[in-house]
Amino acid sequence: MADQHKIVIVGGGAGGLELATRLGDKIGKNRAAITLIDESRTHIWKPLLHDVAAGVLDVGEDQLEYLAQARWHHFRFLLGRMERLDRKERVVQLAPTFNDEGDEIIPRRTFPYDTLVLAVGSICDDFGVSGVQEHCLFLDTTAQAVHFQKRLIDSLLRAHSLGGPESPTQLHVVIVGGGATGSELAAQLHHVTHQLSAYGLDEVDPERDIKLTLIEAADRILPALPPRLSTAAHAQLTRLGIAVHVAERAVAVTPDGVRTESDRFVAGGIMVWAAGIKAPDFLHNLDGLETNRVNQLIVRPTLQTTRDKTIFAFGDCAACPLGQSDGQLVPPRAQAAHQQASLLVKSLRNQLAGRRLPEYVYRDYGSLVALGKYSTVGTLMHRLFRGSVMIEGVVARLVYLSLYKGHQLALFGWYRVALLTLANLLRRRVSPEIKLH
């Protein structure tokens, strides 16, 4: 292994894990030493984190173990968080790893690379708004989503034990950000909170005690979708009793709620920040690599960073040109990360063989948003349509589900995905609809 080309992939999200899996299958046995680094021990597809937060997806049953995936697909997994890069020595440095009690279990260490791929994703951008870090919950990671779900259940259990909420706003949830994550979370929370009386929490009246509010700075929710679909989603959320405020920019968060630029104050007991994204802060000035204002690494069409050809970046943490000269960037979507991972499989194999690297061209296959069990809306892009086709209802829901199955196929193949699908169907027959702990 010492003589093999060392490919280090930092970030085990959808793109990074797909890349490590496919490279391991193709060249991991004898042509290259593939190493995946992530600060978490398990993987959940990030578009499903709102389901984890709402409690309709149990991470204990649906997460993927990195160590097991590495064993099955001929790569090595290292637990750790990257904190430093030395391009001259070609090593990455990982911060110490601590357990839940604060004890150091893995010391600070460095690992060499011949080719480095950064796929560390994105985190929420608080835009410097006062009080966000202190008083808001986030859904950037599985741990944060689980924390939100536990806090919600704890609040509901306490209110039930006391015969009702301790304060009028204890069970009011305010979500800042009306994009896909915020809108999907609002719809799922409505479904979950209206199911709880069936599990014995009947001292909490969902209509009287629970209030859900969605705040969006743009003039409509889901601004990435066509206006007609944004309007349909807005109407659906309103029918569910969710308060939707558009053209309202949050300017401060307090322990009691969110204040907007128009001086509206939305009271809440639980605040969630889902407005805007940026790349992780450690990427800023990472040993001289070029970044933009939201910490994304600027890359060439080959996905190589502009100042180091041995370092690639893709997914949400990369600023990749969308066209030739208009300055637009590839949007931070799961489909882009999947496409780029597929390209990098070919690119890194070409690199080992001394062949020319291909350039990435973004293909927009549309956008979909699932509003829980109530509705799914979106657009499909295809050359046969000569543009986009808007879809809603059952068709949109099936397409949405197919996206996750596509991610699973990239990791497991058809046989295991079929078995997993069957197991999930059987499990739902004997498990509660909502995670209650």
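Computed values, structure above
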| quantity | calculated |
| --- | --- |
| Region 214-233, residues that are farther than 19 Å from Phe127 by Cβ and modelled with pLDDT of 95 or more | Arg220 |
| Residue within region 254-273 that is outside any helix (DSSP H, G or I), among the acidic types (Asp, Glu), surrounded by 18 or more Cβ atoms within 10 Å (Cβ to Cβ) and assigned by TED's automatic domain parsing to the domain that holds His160 present | no |
| Scan of region 343-361 for residues that are closer than 28 Å to Asp125 by Cβ and assigned by TED's automatic domain parsing to the domain that holds Lys26, ordered by number | Leu343, Leu344 |
| Residue within region 315-327 that is of a type in the set (A, V, I, L, M) and under 19 Å from the mean Cα position of the chain (by Cα) present | yes |
| Selection status of Lys309, within 28 Å of Gln144 (Cα to Cα) and of a type in the set (D, E, K, R) | no |
| Tally of residues being out of contact with any Cys (no Cβ under 8 Å at 6 or more places or on another chain) and either surrounded by 21 or more Cβ atoms within 10 Å (Cβ to Cβ) or touching a residue at least 12 places away in the same chain (Cβ under 8 Å) (or both) across region 279-299 | 11 |
| Residue count, region 124-136 (criterion: part of a strand (DSSP E or B) and crowded, with 19+ Cβ neighbours inside 10 Å) | 2 |
| Verdict on Val251 being in a strand (DSSP E or B), in contact (Cβ under 8 Å) with a residue 12 or more places away in the chain and not small (Gly, Ala, Ser) | yes |
| Residues that are of a type in the set (Gly, Ala, Ser) and either within 20 Å of Thr238 (Cβ to Cβ) or outside the structural domain of Leu139 (by TED's automatic domain parsing) (or both), drawn from region 182-211 | Gly182, Ser183, Ala186, Ala187 |
| Pairs, first closer than 15 Å to Ile37 by Cβ in region 79-107, second of a type in the set (Val, Ile, Thr) and exposed (fewer than 14 other Cβ atoms within 10 Å of the Cβ), C-beta under 6 Å, six or more apart | Val91/Thr110; Gln93/Thr110; Thr97/Ile105 |
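The values are calculated or read from the model by the stated rules, or taken from the named source; none is laboratory data. Since we're looking at a predicted model, the values are computed, not measured. Please note: Cβ atoms are built from the backbone with ideal geometry, for glycine as well, and neighbour counts cover all protein chains shown.
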